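What follows draws every value from the coordinates through simple rules; no lab data is involved. Remember, it's a predicted structure, so these values are computed and weren't measured experimentally. No Cβ is skipped: glycine too gets one built from the backbone with ideal geometry, and neighbour counts run over all protein chains shown.
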Amino acid sequence: MSASVDKCIKVKGSGVFIRNGEEIIENTAGLDKDEALKGTIAYSILKDHNTSGSMDELKIKFDCLTSHDITFVGIIQTARASGLKKFPIPYVLTNCHNSLCAVGGTINEDDHVFGLSAARKYGGVYVPPHQAVIHQYAREMLSGCGKMILGSDSHTRYGALGTMAMGEGGPELVKQLLSQTYDIKRPGVVAIYLTGKPGYGVGPQDVAIALIGKLFAAGTVKNKVMEFIGPGVGSLSADFRIGIDVMTTETTCLSSIWRTDENIHEWFEIHGRESEYKELKPAETAYYDELVEVDLSEVKPMIAMPFHPSNAYSIDEVNENLDGVLKEAEERAKVSFGENVSFDLHSKIRDGRLLTDQGIIAGCAGGGFENICAAADILDGADIGNQEFTMSVYPASMPVYAELVKNGSFTKLLDAGVVIKTCFCGPCFGAGDTPANNAFSIRHSTRNFPNREGSKVQNGQVSSVALMDARSIAATAANKGILTGADKLDIKLGKYKYFFDSTIYKKRVFDSKGNADGKAEVILGPNIKDWPEMAALTDNLLLKIVSEIHDPVTTTDELIPSGETSSYRSNPLGLAEFALSRKDPEYVGRAKEVQAYEKAREEDTEKLSEMIEKNAGMRSVWDTVKSRFAEADLNNTGIGSAIFAVKPGDGSAREQAASVQKVLGGWANIANEYATKRYRSNLINWGMLPFLIKEGDLPFKNLDHIFIPGIRSAVENKDDNIRAYTVKDGEMKEFELALGDLTDEERKIILDGCLINYNRV
């Protein structure tokens, strides 16, 4: 653990009572915990949106929804297949991921045409490409104090503006479109107690990296709500708070919320939506499940080294121990890539300093007004040079873009050699500014997972990303790419007044005002395909493990790559060809081989019987099962694939990480733990069983078969433990699986085979 992180962040390790959001109560005698837990801001917002009548088992209805152009096609196609007639609440379709239309011919623009036609037909809002990244538009036009927003992107976080927002896979948005609910147990609430104020050169990404470094691996806030309170909140501007808030996703928390004040009131005034402001603060006495104290004055300019936002160091620590830190990063590369590629950060050392190749300030995390103004001040009169180092800036929205033109910030950046680009999320997921092989990029963006920068390890390419704040990226650029913290400069950073011009959106954004046009046609390009038919869960299952992953954490980027594959996200079968391609290139072929048996079973069991008879290995497996379970037959036993991963699902909300497995015949994941709720929810909504197995207890290996008798009854009966058997060499060895907590609706979705089937029944 970084000493710098430990110095600025302390975790109490137990619950705490706090008075008026400011005073930590030491003497708790006579205080009622059950009553005080109702005093958090989070509790009050959840209560206002809960429809279940029980605050222990929540059924949430959101105020509005938002999606971008690598998720909204699949969501709307799923909802259409389930009987969608009209968007029941505001639904905003932004176009900030497939904006370049550079891959796949007309594919990406076809998705945009689909989005506009769907907004007309069902009564939505359509934001054209290059107008705004999804989360900036939501902040500017959708947020409101006390509201709840659900988005199909993991960084759906608007807590700094008093809005409890959550990023989930597409099927959870489908449920809202069908007037169903978001069902969860009441989450714990963690107090993020801020004191002090940031020092010179410290920006929001620095605070965020420190928090992630402290909280991610420890699981302190996993699936909980982070509630930002304490006297230090008032020292932060709205933009600064937003910059911290958007990165809370990387801690694996469920959502976030901040107390609001005059800074947030002013923010809503500037954006012409003053009516959306109200003061949010905890009750006189509030109980939190955990206390995380953050001394803002102790936060230093930070860097998250490859390949995770939690690999946090101060920039000083890296420069003082360059050899050791780079060795650690190179060792992490071996975990992710094995011996497939050569990854050498030591080659970046110049005269004892680290030379970076690229600086990027972009998207929902970096592209805000204050971040770019600060970078412009630092680079005013500077020169980034004409060697390896390059730098690009992507503002988060066109209103921000326009103001940066008007106040001269862009002129300062352009004069220094920086390239200004449009409102596009590409650098965040590997579809823009891909570095050269073995290059090292520093970015104020959301993630630095392997391949998020666009390189392809399967083709022998590798580059890497470190996360930094815009201020230190600009300081590094001013030093011609030599890693430099912004605190090392002596430059006065200005304070700029922001003016929001709403007419930019009025001229280009299509807003149906909630009016659906039933006569309008949804326009489907040739790549936009319907979901294939999916079978209901059978009485028994015969699974084959077709991929085995023992990395400590498996990201959704490794389950389904980002970047150029996003062009196929409207084509379920086309996209499935890329499943696990960066992690296990053999997966797709193996899954298809297993799926062939299930397709034959669904078509004609006699055909399946012939296939089994022709394959000695499969015949042996089936004969072994029949010898022990005579009641199993080819009508009541589904055949499918499964993967094992230690802790899958960190990162993106993209439902495709699960759906690609499903359309290839996947019926289950087996894991020691699921990294995020959203990935587990995606599995369930696509009818896949989210099995758990105890750590160290792995009675099977890749390519082994597993027979699970009575699985349908076990799901129906809410069995805690599931009997399963490895089937190998004529023997069956029993072991135990678990499904974890499932709501009644989730069980029914699994039984029906997927959310589409559930809504068709």
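Assorted remarks:
- Stretch in the chain that is longest and holds no chymotrypsin sites (Phe, Trp or Tyr not before Pro) that DSSP places in a loop and that have at most 14 other beta carbons within 10 Å: 201-498
- Taking 0.36 nm per residue of separation and subtracting the current Cα-Cα distance, fully stretching the chain between residue 609 and residue 414 would add 63.3 nm.
- Between region 689-761 and region 517-577, the alpha-carbon center distance in angstrom: 21
- Cα gyration tensor shape for region 540-760, rounded if a/c is under 1.5, else prolate or oblate: rounded
- Rg/Rh ratio calculated on Cα atoms of region 457-545 (Kirkwood radius): 1.23
- Axis of helix 605-614 versus longest Cα principal axis of the chain: the two differ by about 90°, to the nearest ten degrees.
- Mean residue ellipticity, 222 nm, helices only, the chain: the sum of -39500 (n - 2.57) across DSSP H runs of n ≥ 4, divided by residue count and rounded to 500, is -9000 deg cm²/dmol.
- Note on residue 195 and residue 731: the model spin-label points, each 7 Å out from Cα along the C-beta direction, lie 6.1 nm apart.
- Considering only region 172-269, percent of DSSP beta bridges that pair antiparallel, nearest 5: 0
- Percent of beta bridges antiparallel (DSSP, region 290-443, rounded to nearest 5): 35
- Cα long-axis angle, helix 322-337 against the chain (0 to 90 degrees, to the nearest 10): 30
- Cα gyration tensor shape for region 62-180, rounded if a/c is under 1.5, else prolate or oblate: oblate
- DSSP-defined antiparallel bridges as percent of all bridges, the chain, nearest 5: 40
- The chain: angle of helix 587-603 to the longest principal axis, Cα-based, in degrees nearest 10: 40
- A straight chain from residue 339 to residue 261 at 0.36 nm per residue would run longer than the Cα-Cα distance by 22.8 nm.
- Rg and Dmax of region 348-456, both derived from C-alpha coordinates alone, stand at 13.8, 43 Å.
- For Cα extents along the principal axes in Å, computed directly from the structure shown, the correct entry in [x] 105, 53, 47; [y] 77, 66, 57; [z] 79, 62, 59 is [z].
- Where labels lie 7 Å past Cα in the beta-carbon direction, separation of residue 458 and residue 353 in nm: 4.0
- For GluC sites (Glu not before Pro), the sites in region 656-748 that DSSP calls loop and that have at most 11 other Cβ atoms within 10 Å are 695.
- Its alpha carbons considered, region 313-495 gives a radius of gyration followed by a Dmax of 16.0, 50 Å.
- Distance between modelled label sites at residue 34 and residue 179, nm, 7 Å Cα→Cβ extension: 3.6
- For region 349-412: rounded, prolate or oblate by the Cα gyration tensor [a/c cutoff 1.5]: prolate
- Förster radius 41 Å - calculated FRET efficiency between residue 383 and residue 506 (Cβ-Cβ, nearest 0.05): 0.55
- Length-normalised contact order of region 62-180 in % [C-alpha pairs under 8 Å, at least 6 apart]: 32
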